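All remarks here apply to the structure that follows.
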Amino acid sequence: MTQPALPATNIPEDGTYYRACNLCEAICGLELTVKGGVVTDVRGDPADPLSHGHICPKGTAMPDLHRDPDRLKRPLRRQGDTWTEMEWDEALDHVATELTRVRNAHGPDSVGIYQGNPSVHNSGTLLSAGGFVKALGTHNRFSATSVDQLPHHRAALEMLGHPLLMPIPDVDRTDFLLMMGANPAASNGSILTAPGMRQRLKAIAARGGRVLLIDPRRTESAEFAEHHFIRPGTDALLLLALLNVIFAEGLTKPGRLEPFLGGLEALRAAALPYSPERVAGTTGLDAGFIRTLARDFAAAPSAVAYGRVGLSTQAFGGLCQWLLNALNVVTGNFDRVGGAMLPAPAFDLLMRAKKGERPLGRFTSRVRGLPEFDGELPSAAMAEEMDTPGDGQIRAFVCVAGNPVLSTPGGERLDAALGGLDFMVAVDPYLNETTRHAHIILPPATGLETEHYDVIFHHFAVRNTARLNRPIFPITEDQRFDWQIFEGLRERLTGKKGSDPAARLALGLKHGPYKLTLDDLRNAPHGLDFGPMTPCLPEKLLTEDGRLNLAPESLLADLPRLEALLDAPVPAFTLIGRRQLRSNNSWMHNTPRLMRGADRCTVMLHPDDAASVGVASGDLLAVQSRVGRVVAPAELTDALMPGVVSLPHGFGHGRSGTRLEVASAHPGVSYNDLADPLLLDDLTGNAAVNGIPVALERVEQAKEEVALSAD
Ligand SMILES: Nc1nc2c(c(=O)[nH]1)N[C@H]1C(S)=C(S)[C@@H](COP(=O)(O)OP(=O)(O)OC[C@H]3O[C@@H](n4cnc5c(=O)[nH]c(N)nc54)[C@H](O)[C@@H]3O)O[C@H]1N2
Ligand SMILES: Nc1nc2c(c(=O)[nH]1)N[C@H]1C(S)=C(S)[C@@H](COP(=O)(O)OP(=O)(O)OC[C@H]3O[C@@H](n4cnc5c(=O)[nH]c(N)nc54)[C@H](O)[C@@H]3O)O[C@H]1N2
Ligand code: SF4
Ligand SMILES: [Mo]
């Protein structure tokens, strides 16, 4: 099937169009019907070799985004509280002049930048933002990485030699999936591009395999698994205990990789003190269960341990990701079918990677001395870098595809710090809690308007496929793509002419493993299939000595911090996050289709805990952390481990009296007003947004209403 050629006007011809959804990591193929210039139907594309027709409510909402009246299309300039539209050239000139002015007066580090989540879901952004960032020449670079997957990168670098050598679970062929701190039934998978995870999990059981889930909440994914509670932040102890049993009982069988392993003995020694009995109390798991789990995992024909946001955005994220990899390696489940594997993407970002490079710790943040990783500093340090006076203080800020006021710890302080900047520009199609502080908003064309090839997520996909997503709606004269904005700014800052991302994409594909051209992909609207993942080690290792390092020095050195956890007092209540199917981080909350129904920004807690605090379902509950306090309705459920409470992140809309373009049926409160910028995985600098000690207090409804109306 071919899709209609694009017409010269910005109204597409009637017909059926194919492109993948770019709203999450699952990259589902979509089939869209266009009639009279509007999308009248969206379905999963059954011919997509990766997604086989899967679609979720967010994918169905793609056309809502396209015609969303809240979406910005022309630059906005703020003077005081008044926003006025601007011409593109004038806006880009103004931004370049302001950034240059601040840089000339205060040095390159006085300009900061945050690159948010959708930066990796838009190849135009991804392939062109780098040139602009380089032109800024600042050390004050931040991104969603350090509130998300930084520990995965650190473990990959230390063990395999490159931050992107992150193995993914071969869910379609495994006999035993041990899943920790991931909820793919809601998130659709992360660092695991496997659209339709519910079906894939079901299939494991259907072929006689096992799925075991370790999570402080019995989540939507528990429906497809045997579920066990764990106390938040104690997973590294569980993983050490599993390794302890495997070593003690002689269950290691590294197999084919054995000659290329380094540090096996050091790993054994590291796990030695952590018997199941020793970690049972702290983790809340039964020692007998841990022992049996270790034996079962080691004995399974194939098995794979996988841990996501619950394991990386916690105080021991680096240790967790290291030990997960180690567990897969010593049981012979690394780089083998049914285990943890490395995909072979058509555009391979590791194409030119060199052995032995260590892009970390080359500089530190000014205020707290936190280390950089791959040129970025921890986002938890952003606000203090803005509001602490001195040389190198951030005075101008660029926010790209992100809403860090709602997404990074200490949201309230960041909110205030952004208000004190000399200049801020946002590259974002919405006026939200963060971009409202910008002096200029440069709104890019997005979604169905962009040409997009998923450069990133094919690196983490359970099957090697490639698909080019052609625009369905041509943009109007007064719109610009992300890449045009970045190239426009870069040209103005450097005086050098740029290129368009299609050329870079073509180059990457040509030099990739399948030597593709853009035309190859244009002629395959459903995508191309290159088959399942295949073993690729030791060839792909990029460590200096060519070995897979099981006992990296920096990770061993982090163990005493974990050891201290065994004696640490247990907080009365610990807060964790919760992703929801009908939500997308901090945005899309103005979409009626996703926000219908009751308010979902509730504090979930166990009925016993609710009784001790004296709240019933629906009562208002105040949650207090070291840095903030929020009030939200209580939702009682025994799906939460006693002592653990859960709140989704990304809400807290309409926090200010200022105009926001984005109105939500359920504004909610912001989790990250509670998240403490000082709570990090100290090793990697990743924010520990999960596992925050909090106090709970029942709020008298009437009093709260009085307080609100007095506001
Ligand atoms: N407490 C807590 N905090 C968390 C998390 C958690 O689990 N708990 N999760 C963390 C994780 S994993 C992540 S990834 C971050 C996400 O947090 P952010 O990096 O802030 O990303 P989003 O919240 O997804 O916000 C996306 C923004 O990008 C804009 N956008 C959408 N499409 C485009 C586009 O094509 N171009 C441009 N330029 N902009 C676009 C949207 O309008 C929106 O403003 O939050 C983190 N914060
Ligand atoms: N619908 C929807 N899909 C999304 C997103 C979205 O906002 N909405 N966001 C996207 C993004 S940016 C990402 S990164 C992915 C994330 O994808 P996932 O990681 O699969 O999603 P989460 O729901 O954050 O899962 C984290 C789990 O960890 C658990 N947890 C918390 N603390 C701990 C702990 O200490 N130990 C253990 N073992 N578990 C813990 C939580 O209860 C939760 O179930 O989802 C993506 N997909
Ligand atoms: S699962 Fe992700 S990629 Fe698939 S339709 Fe939903 S949001 Fe889009
Ligand atoms: Mo994320």
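Which one is nearest to ligand 2 (Cβ to nearest atom) among residues in the range 136-149 that are open to solvent by less than 40 Å² (accessible area, probe 1.4 Å), outside any helix (DSSP H, G or I) and not small (Gly, Ala, Ser)? Spell out the reasoning first.
Pass one, the range 136-149, residues open to solvent by less than 40 Å² (accessible area, probe 1.4 Å): 136, 138, 140, 142-149.
Now restrict to residues that are outside any helix (DSSP H, G or I): 138, 140, 142-143, 148-149.
From the residues that got through so far, the ones that are not small (Gly, Ala, Ser) too are 138, 140, 142, 148-149.
Values: Thr138: 25, Asn140: 23, Phe142: 16, Asp148: 5, Gln149: 7 Å.
Among those residues, the one meeting the criterion is Asp148.
Quick check on the range 529-563: of everything there that is under 23 Å from Ala315 (Cα atoms) and acidic (Asp, Glu), which residue is least open to solvent (accessible area, probe 1.4 Å)? Residue satisfying both the conditions and the ranking: Asp558.
So which strands (runs of 3 or more DSSP E) stay within the range 17-130 end to end and still have 3 or more residues that are within 16 Å of ligand 1 (Cβ to nearest atom) and crowded, with 22+ Cβ neighbours inside 10 Å? Show your work before the answer.
Working: elements: 29-35, 38-44, 76-79, 82-85, 111-115.
Once the strands (runs of 3 or more DSSP E) in the range 17-130 are filtered for at least 3 residues that are within 16 Å of ligand 1 (Cβ to nearest atom) and crowded, with 22+ Cβ neighbours inside 10 Å, what remains is 111-115.
Thr331 meets all of the listed conditions (1) open to solvent by 10 Å² or more (accessible area, probe 1.4 Å); (2) touching a residue at least 12 places away in the same chain (Cβ under 8 Å) but one, namely (1). The lone criterion from (1) open to solvent by 10 Å² or more (accessible area, probe 1.4 Å); (2) over 30 Å from Thr16 (Cβ atoms); (3) under 19 Å from the mean Cα position of the chain (by Cα) left unmet by Arg436 is number (3). Within the range 281-303, if we keep just the residues that are open to solvent by 10 Å² or more (accessible area, probe 1.4 Å) and among the polar types (S, T, N, Q), the residue that is nearest to the chain's Cα centre (by Cα) turns out to be Thr282.
Cβ-Cβ contacts under 6 Å between residues 6 or more apart (or on different chains), taken from a first residue in the range 598-616 that is without any contact (Cβ under 8 Å) to a residue 60 or more places away in the chain to a second residue that is of a type in the set (A, V, I, L, M) and open to solvent by 10 Å² or more (accessible area, probe 1.4 Å), are listed as Pro607/Leu636; Ala610/Leu636.
When you look at Gly392, is it surrounded by fewer than 22 Cβ atoms within 10 Å (Cβ to Cβ), in contact with a helix residue (DSSP H, G or I) (Cβ under 6 Å, 6 or more places away or on another chain) and closer than 23 Å to Pro108 by Cα, yes or no? The answer is yes for Gly392.
Here Leu242, Leu251 are screened, and the one residue that is open to solvent by 20 Å² or more (accessible area, probe 1.4 Å), of a type in the set (A, V, I, L, M) and within 19 Å of Asn325 (Cα to Cα) is Leu251. Val133 satisfies every condition listed in (1) out of contact with any Cys (no Cβ under 8 Å at 6 or more places or on another chain); (2) touching a residue at least 24 places away in the same chain (Cβ under 8 Å); (3) surrounded by fewer than 24 Cβ atoms within 10 Å (Cβ to Cβ) except (2).
State which residue is nearest to ligand 3 (Cβ to nearest atom) when the search covers only the range 300-318 and only residues that are assigned to a loop (DSSP other than H, G, I, E, B) and of a type in the set (A, V, I, L, M).
Step one: filter the range 300-318 for residues assigned to a loop (DSSP other than H, G, I, E, B), giving 300-303, 308, 313-316.
In the following step, the residues that additionally are of a type in the set (A, V, I, L, M) were identified as 300, 303, 315.
Numbers: Ala300: 28, Ala303: 26, Ala315: 29 Å.
Taking the candidates together, the pick is Ala303.
The values are calculated or read from the model by the stated rules, or taken from the named source; none is laboratory data. No experiment lies behind these values; they were computed from the predicted model shown. All Cβ positions, even for glycine, are placed from backbone atoms using ideal geometry, and neighbour counts span all protein chains on display. For the accessible areas, the whole protein counts, side chains as well, though only heavy atoms, and no ligand, DNA or RNA atoms are used. Shrake-Rupley method; radii C 1.70, N 1.55, O 1.52, S 1.80 Å.
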